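Report on the following structure.
Nothing in this text is a laboratory measurement; each read-out follows from the coordinates by a stated rule. Nothing here was measured: the structure is a model prediction, and the numbers come from that model. Glycine gets a Cβ as well: all are built from the backbone with ideal geometry, and neighbour counts include every protein chain shown.
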Amino acid sequence: MNISLHSFKDERILCVANIRGNLSRLNQLADEHNADYIIHTGGFGFYDYSSLDRMTESTLRQWIQSSSLFPSQTRSRLLNYASDTLFDTMKHSPHTILSELTDFLSGIKRLNVPVYTVWDSIEDVEIVKKFSSKQYHIPNLFLLDEKSSHLLDIGGVYLRLFGLGGAVDPLKVRSLIELARHVWDPSETIVLISYASPRKERVLGYLASVLYADFTISGSFHSQYVAAYNLYARQSEIDYELIQSQNSFMQLWEYINQV
């Protein structure tokens, strides 16, 4: 997990990546940094008790490896288990949970500041859908997806938040573009939040350009860092990218023919 802090006229936004189910840590970080808002870029912890039935073994092991909810000794013990034993232990032990999400859904715990988040590619899509459809609700938690946008007034600076979580696919990109056109206001500062980084998923870079995004904020499982930058100084022309892709493909094709 890594964090960055941004101040706007005495109000502060904390950017966080990969909280991995330890949602209570968001409150601790908000207190430590006196943050008024949190933007989270994926690896949030969209799991409940039913999620284990939809998880693959590799996804479960990946989550256990990266989540701070598991003490080091517990993590090592779980990762050494065979598949059946691993799933059985996760289902029946009160000391092994995928996420604190259920405690926040029930009201046992709560978020102290507004949290705006996307989800990553290994989280439970069924749980994400329940938040998107309002079947699930946690006060102060706002899901950023292709169907929703949020406007923050930060000391007179208006931040328009767009988000794209999980895997990038054309339908979600199209929906987000249509949403952005509907709410477009040139007086707003536009921020695109994504799990995948535009540095790795080039389509996100072009999406940011289409949205007229002033900044992108992203974080991925592999780096566990929040990355924020202005895309216009870094983005190549699309014609150049297409030519480069064509050249790379032809080189691969020639190599295959030689083999």
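Tabulated data for the structure shown
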{"quantity": "Residue of Leu171, Leu204, Leu52 that the Gaussian network model of the chain assigns the largest fluctuation, springs spanning Cα pairs under 10 Å", "calculated": "Leu171"}
{"quantity": "Eligible aspartates and glutamates near Lys200 by straight Cα distance, threshold 13 Å, same-chain separation 8 or greater", "calculated": "none"}
{"quantity": "Among Asp103, Asp84, Asp145, residue whose mean-square fluctuation peaks in a GNM of the chain (springs only between Cα atoms under 10 Å)", "calculated": "Asp84"}
{"quantity": "Cut-off of 10 Å, at most 13 other beta carbons, DSSP loop: longest stretch of the chain lacking such chymotrypsin sites (Phe, Trp or Tyr not before Pro)", "calculated": "50-183"}
{"quantity": "Qualifying trypsin sites (Lys or Arg not before Pro) for segment 100-149 [loop in DSSP, other Cβ within 10 Å: at most 16]", "calculated": "Lys109, Arg110, Lys134, Lys147"}
{"quantity": "Projected-area average for segment 10-144 over all orientations - Cα convex hull basis, square nanometres", "calculated": "8.1 nm²"}
{"quantity": "Gain upon complete extension [Phe249, Arg181; 0.36 nm per residue less C-alpha separation]", "calculated": "21.0 nm"}
{"quantity": "More than 18 angstrom apart: percent of Cα pairs within segment 74-189", "calculated": "64 percent"}
{"quantity": "Of Leu86, Leu14, Leu141, the one that fluctuates the most in a GNM where the chain has Cα springs shorter than 10 Å", "calculated": "Leu86"}
{"quantity": "Cα-derived Rg to Rh of the chain, Kirkwood definition", "calculated": "1.01"}
{"quantity": "Helix-only mean residue ellipticity at 222 nm for the chain, each DSSP H run of n ≥ 4 adding -39500 (n - 2.57), per residue, nearest 500", "calculated": "-11000 deg cm²/dmol"}
